[in-house]
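A quick write-up on the structure given underneath.
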Amino acid sequence: MTQINSKIPQGPLADKWTNYKDHQKLVNPANKRRLDIIVVGTGLAGASAAASLAELGFNVLNFCIQDSPRRAHSIAAQGGINAAKNYQNDGDSVYRLFYDTIKGGDYRAREANVYRLAEVSNSIIDQCVAQGVPFAREYGGLLDNRSFGGAQVSRTFYARGQTGQQLLLGAYSALSRQIGLGKVKLYKRYEMVDVVKVDGKARGIIARNLITGKLERFSAHAVVVASGGYVNTFFLSTNAMGSNGSAAWQCYKKGAYFANPCYVQIHPTCIPVHGEFQSKLTLMSESLRNDGRIWVPKKKEDAEAIRAGKLKPTQLKEEDRDYYLERRYPAFGNLVPRDVASRAAKERCDAGFGVNNTGLAVYLDFAEAIGRLGKNVVEARYGNLFQMYEKIVDENPYETPMMIFPALHYAMGGLWVDYELQTSVPGLFAIGEANFSDHGANRLGASALMQGLADGYFVLPYTIQNYLADQIQVPRFSTDLPEFAKAEKDINDRTTRLMNIKGKCSVDSIHKELGHIMWEHVGMARDAEGLKEAIKLLKDLKKEFWTNVRIPGEAVDQNNELEKALRLADFIEIGELMAHDALDRKESCGGHFRTEYQTPEGEALRDDADFSYVSCWEYQGEDKDPVMLKEPLDYEFIVRQQRNYKN
Amino acid sequence: MDKDINITVKVWRQKGPKEKGRFETYKLDNVSQGSSFLEMLDILNEKLISEGKVPVAFDHDCREGICGMCSLYINGHPHGPDSAVTTCQLHMRKFKDGETITVEPWRSAGFPVIRDLMVDRYAYDKIIQAGGFVSVNTGGIPDANSTPIPKKNADLAMDAAACIGCGACAAACKNGSAMLFVSAKVSQLALLPQGKVEAARRAKAMIAKMDELGFGNCTNTRACEAECPKEVSISNIARLNREFISAKLQD
Amino acid sequence: MWLLNSSIGKKLIMSISGLFLILFLLFHLTMNVAAVFSEEAYNVICSFLGSNWYAVAGTGVLAAGFLIHIGYSILLTLENRKARGNDRYAVNARPKNVEWASQNMFVLGLIVVCFIVLHFSQFWYHMMFAELIGHHEVELGGQAIGTTDGAAFIKYYFSNIVVVILYLVWYVALWFHLTHGFWSALQTIGWNNTIWLNRWKIIANIFATVIALGFAFVTIFFYLKSLC
């Protein structure tokens, strides 16, 4: 059986990254000019990596599906970015950030990776400030912090409710500078549709020009995939409409392992589903839980009256409200990690205490905060979020509590990578949300931005050189090689097949059906029976898709429906893999909750003896079951515990 | 309360940049006022697909008002009649039963139409590439708190930095001017000590690129500010003018 | 040369020449108001501004200011139309906070210029210009009048109700042009921010009103006087 080598450096935890950097191979400046790197994606990870690699002297080819690199969905992150600066003197440290992240991930991440992440977190803040990111400041001119879920210190840096936007624009400006200097060649409105391997190494990609519909070939010495996560498998999620898992999925099909696909995060504070026509869900930042209190009615009859529109939440007396997070988790209260908060909301709604006309919502109440701090302070902190809520829901959250419900948000799982962020295909790297590495089974708030930028600015630009140092003798590849021709032909065949189905169902209608199956059986609470049912339903859905989808327009032309269909074909397969992985993991941990495995109080019950591993799925071919390899997770430095946010 | 409404949508259809475009009129019944404008277009496209027609091409992505990808000139307003929102945040409750809604692409020489309602806004990226950055490489940066920045300046910089690069300013401007966009970036960086160092160079380079790309001359009509989904103020344009004129006078 | 090549440079030329013309308007108004109080005083100014070299030089500078302002307005308007693209919007709506004047400055300016032509043909052509070509008297309504007797010109023209109404229309156009032009010029120079924006707009409105009402007052004053 194949051994998984995660290439973790030797030595004490705190020295591993330094040791690695001290001994890794580097590429000299003259040789850097002769090496090309493809970076797919322009989000936090992609843009920061493309810019940093170009600054070092490599030639970078950067691809994005949108009309501009600045549109990548990192831009929508609201709350903030963590770093172990300890500016607040509240006891933070690299170790504590590392520990909180490992614990938050329910002990399913690699110690060495997470420690490195915590270690470079401080440099990210320095870098962003130097780029002109307007972080929030105190009157004294120094940086302000706020607290986030899963931590007892205030270590989150923020720029109003638009931190992701500001960080992405910082990376985008660095990228733009390199485009202007000619070191990065940008391909906008291009979608990677396959990765090309030559002699076992990743040597290029095939990309579809989304304006002309033509396929184009690109070769390079290494390929970096920074294409984000795959939670749009659920159709409704907080991800952008264009966010997709296809680039990562093509890597999987070319031999890269896909790790922990069942770990997806369900964010507790989103605006509830409104109707059948709904196209996406809008996140309300986790930072709202700093001052907002979450509750449902204590009595069922009150909940029913509210659902029927006969009772207003503001009419309910204090003693008739159940602040269930504060009740269940006194130590962390409303600031428990996301997976815990989401499940608690679902538990209350399932028990019949949900509000909204659907019964699928809980209250997030700012009345107490407004009383304590005044409306002005609340407005200064969350004004833009309140405005956004009012525009969507048509209710004023200053006067009546917000309604929220959990929604799909983030994929902790993704392409398996070693310590160097290299996948199991040599020369193919994965960074940001596209890889699986640092968040274990659950990601803490404000950690995604940290990881994306850590990978792009401070990790990949080092580790990729360890690979490229051996490639300096390799001349540039011709895209006329048979490997490129075959890859292009395969995609053409696939596209032709899709266009020729001429069935009855639109792409979206099948995608919605996929979403229903996933939410019902592979969502917040899973069990063996449901997962088996899901696998069966997905098989049928796949057949339905490949026999009954209708794609108007031409294949070689701008064709949004064809783009969506190509992505949906992959989403269905990703859904299948998620169900397989969830079925295999007979424990509950982080975002993966199996109802068969819970404590008497309804908390996730981990099984460290049997499931302390990364599940690495290896593609075996069309219509063959994938094979799972295990990367054991050995905890050398910290002792695993039952996660406890109660006291 | 939101109810269902019947509407008529007049949509600009144009096969390619060089082809002649025209309006097509579609009727839609029972559209929930709780749906967003883009969800209404989704419904329209589903209808077109089921009729075997080619759906309307329009740009959109995040659908929460931050990526800047959605555009659309709706009933004479970029991003529609609501204030301080992008098209994706515009909801159908802003429209009445029986209303005819006219949907056009951004029209500006700087933003050529690609197809239907999609336009090419790469000109904005080119302006940023000309100078909308602080020239720092990754690494080797002093501690983030080593330079205190007055809160007021940081807040003003953030106000300017809220720009999402959607192009509504140039689309709204009768002169097709991109000044609000350019001024937002120049202001953000000129207000911060990190960006101040190359402020003069930046202002000159970005204005030169903006002019070269064929954007018009600002005549201070304030349409940009009124239609900006992020309410970026024209006081930034005054700052840009200051920065540019003083940079040129120093030469 | 950045003033001529860059968009902000060209705008700056519009702005400075506009402010210069605003100063001239202020001077012209002062002069007119003098006529209300003392026709002799007015005539002294008129003779002072006759064919003397400094007055001619001043007129030349003023003319240059006008020509630059007008020339650049044509240039910028043409450039801006091109920047707008070939396809026009089918539906146009003026957003709140956008003044009508700000979007019609060229048309307003054109109206102002047309009246300037009328005004010149009535006054300047018979006064400074006549003097320059060697006349000292011109015929006005069947009478011979001295080229420096400005008060006589005023009284003659402003006794005609049609002329008075035309002039009042002119002042209205001027008022609109000034309400936007004044603060817009300062914005272009860069002397503006969120606080001063509203202040400048109020000052611009007051200024434009003073100018327009001042001219209107003189015009109506002499019309009423002619009725007595």
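The values are calculated or read from the model by the stated rules, or taken from the named source; none is laboratory data. Small disclaimer: the values here were computed from a predicted structure and weren't measured. We place every Cβ from the backbone using ideal geometry, glycine too, and count neighbours over all the protein chains shown.
Within the stretch C:190-202, not a single residue is assigned to a helix (DSSP H, G or I), in contact (Cβ under 8 Å) with a residue 24 or more places away in the chain and among the aliphatic types (A, V, I, L, M).
Comparison of A:VAL549, A:VAL556, A:VAL507 shows that the only residue that is under 27 Å from A:LEU215 (Cβ atoms), touching an Asp or Glu at 6+ places or on another chain (Cβ under 6 Å) and either more than 13 Å from every other protein chain (Cβ to nearest Cβ) or surrounded by 15 or more Cβ atoms within 10 Å (Cβ to Cβ) (or both) is A:VAL507.
Within the stretch B:1-10, the set of residues being within 11 Å of another protein chain (Cβ to nearest Cβ) and in a strand (DSSP E or B) comprises B:ASP4, B:LYS10.
One residue stands out among those in the stretch B:90-115 that are touching a Pro at 6+ places or on another chain (Cβ under 9 Å) and within 9 Å of chain A (Cβ to nearest Cβ): the one that is nearest to C:ARG84 (Cα to Cα), which is B:ILE114.
Quick one: which residue in B:LYS185, B:LYS174 is closer than 18 Å to A:GLN166 by Cα and of a type in the set (Lys, Arg)? Of the residues listed, the single one that is closer than 18 Å to A:GLN166 by Cα and of a type in the set (Lys, Arg) is B:LYS185.
Each residue in the stretch A:485-511 was checked for being touching a Ser or Thr at 6+ places or on another chain (Cβ under 7 Å) and of a type in the set (A, V, I, L, M, F, W, C), and 1 of them qualify.
Selection of helices (runs of 4 or more DSSP H) fully inside the stretch B:143-251 by the criterion of at least 1 residues being away from chain A (no Cβ under 14 Å) returns B:168-172, B:179-190, B:199-212, B:223-227, B:235-250. Figure legend. Inter-residue proximity from the stretch A:593-609: first residues more than 21 Å from A:MET578 (Cβ to Cβ), second residues of a type outside the set (Ser, Thr, Tyr), beta-carbon distance below 7 Å, spacing 6+ or different chains. Indicated pairs: A:THR599/A:LEU605; A:GLY602/A:GLU347; A:ASP608/A:ARG640. Considering the stretch B:51-64 alone, what residues qualify as being in contact with a Ser or Thr (Cβ under 9 Å, 6 or more places away or on another chain) and more than 7 Å from chain A (Cβ to nearest Cβ)? Within the stretch B:51-64, B:PHE58 is the sole residue that qualifies.
Residue pairs whose Cβ atoms lie under 8 Å apart, sitting 6 or more positions apart in sequence or on different chains, and linking a residue in the stretch B:150-169 that is without any contact (Cβ under 8 Å) to a residue 12 or more places away in the chain to a partner that is of a type in the set (Ser, Thr, Tyr), are B:LYS151/A:TYR139. If the condition is being more than 7 Å from every other protein chain (Cβ to nearest Cβ), surrounded by fewer than 17 Cβ atoms within 10 Å (Cβ to Cβ) and among the β-branched types (Val, Ile, Thr), then the stretch C:71-122 contributes C:ILE74, C:VAL107, C:VAL113, C:ILE116, C:VAL117. Give the residues of the stretch B:14-28 that are in a strand (DSSP E or B) and either within 13 Å of chain A (Cβ to nearest Cβ) or without any contact (Cβ under 8 Å) to a residue 12 or more places away in the chain (or both), sorted by residue number. Within the stretch B:14-28, B:ARG22, B:LEU28 meet the criteria.
The residues of the stretch C:59-101 that are small (Gly, Ala, Ser), over 17 Å from the mean Cα position of the chain (by Cα) and assigned to a helix (DSSP H, G or I) amount to a single one, C:ALA83. Going through (1) in contact with a strand residue (DSSP E or B) (Cβ under 6 Å, 6 or more places away or on another chain); (2) within 14 Å of another protein chain (Cβ to nearest Cβ) one by one, A:ASP365 falls short only on (2).
Considering A:LEU541, A:LEU568, the condition of being in contact with a His (Cβ under 6 Å, 6 or more places away or on another chain), assigned by TED's automatic domain parsing to the domain that holds A:ARG497 and assigned to a helix (DSSP H, G or I) is satisfied by A:LEU568 alone. When the stretch A:97-115 is filtered for residues that are of a type outside the set (Ser, Thr, Tyr) and in a helix (DSSP H, G or I), the ones remaining, listed by number, are A:LEU97, A:PHE98, A:ASP100, A:ILE102, A:LYS103, A:GLY104, A:GLU111, A:ALA112, A:ASN113, A:VAL114.
Conditions (1) within 12 Å of chain B (Cβ to nearest Cβ); (2) more than 20 Å from the chain's Cα centre (by Cα), marked per residue:
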| site | (1), (2) |
| --- | --- |
| A:ILE37 | no, yes |
| A:THR42 | yes, no |
| A:ASN59 | no, yes |
| A:GLN66 | yes, no |
| A:ARG70 | yes, no |
| A:GLN78 | yes, no |
| A:ASN82 | no, no |
| A:GLN88 | yes, yes |
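Every condition in (1) free of Cβ contacts under 8 Å to residues at least 40 places away in the same chain; (2) crowded, with 24+ Cβ neighbours inside 10 Å; (3) more than 14 Å from chain B (Cβ to nearest Cβ) holds for A:PRO134 except the one numbered (3). From the list B:THR87, B:THR138, the one residue that fits, being surrounded by 20 or more Cβ atoms within 10 Å (Cβ to Cβ), closer than 20 Å to B:GLU225 by Cα, away from chain C (no Cβ under 14 Å) and hydroxyl-bearing (Ser, Thr, Tyr), is B:THR87. Residues that are among the aromatic types (Phe, Trp, Tyr) and closer than 23 Å to A:GLY149 by Cβ within the stretch A:418-444 comprise just one, A:PHE436.
Conditions tested, residue by residue: (1) within 30 Å of A:HIS516 (Cβ to Cβ); (2) out of contact with any Gly (no Cβ under 8 Å at 6 or more places or on another chain).
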{"residue": "A:ARG189", "(1), (2)": "no, yes"}
{"residue": "A:ILE211", "(1), (2)": "no, yes"}
{"residue": "A:ARG217", "(1), (2)": "no, no"}
{"residue": "A:TYR230", "(1), (2)": "yes, no"}
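Against the test of being buried (at least 22 other Cβ atoms within 10 Å of the Cβ), among the polar types (S, T, N, Q) and over 30 Å from B:GLY132 (Cα atoms), the options A:SER147, A:SER237, A:SER227, A:SER176 yield a single qualifying residue, A:SER237. Among the conditions (1) polar (S, T, N, Q); (2) crowded, with 24+ Cβ neighbours inside 10 Å; (3) farther than 30 Å from A:SER147 by Cβ, A:GLN473 misses just one, which is (2).
Annotation note: of A:TYR99, A:TYR87, the sole residue that is over 23 Å from A:HIS592 (Cα atoms) and out of contact with any Gly (no Cβ under 7 Å at 6 or more places or on another chain) is A:TYR87.
Table: residues versus (1) within 14 Å of another protein chain (Cβ to nearest Cβ); (2) in a loop (DSSP other than H, G, I, E, B); (3) over 22 Å from A:GLY80 (Cβ atoms).
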| residue | (1), (2), (3) |
| --- | --- |
| A:SER243 | yes, yes, no |
| A:TRP249 | no, no, yes |
| A:GLN265 | no, no, no |
| A:ASP302 | no, no, yes |
| A:ALA305 | no, no, yes |
| A:LYS310 | no, yes, yes |
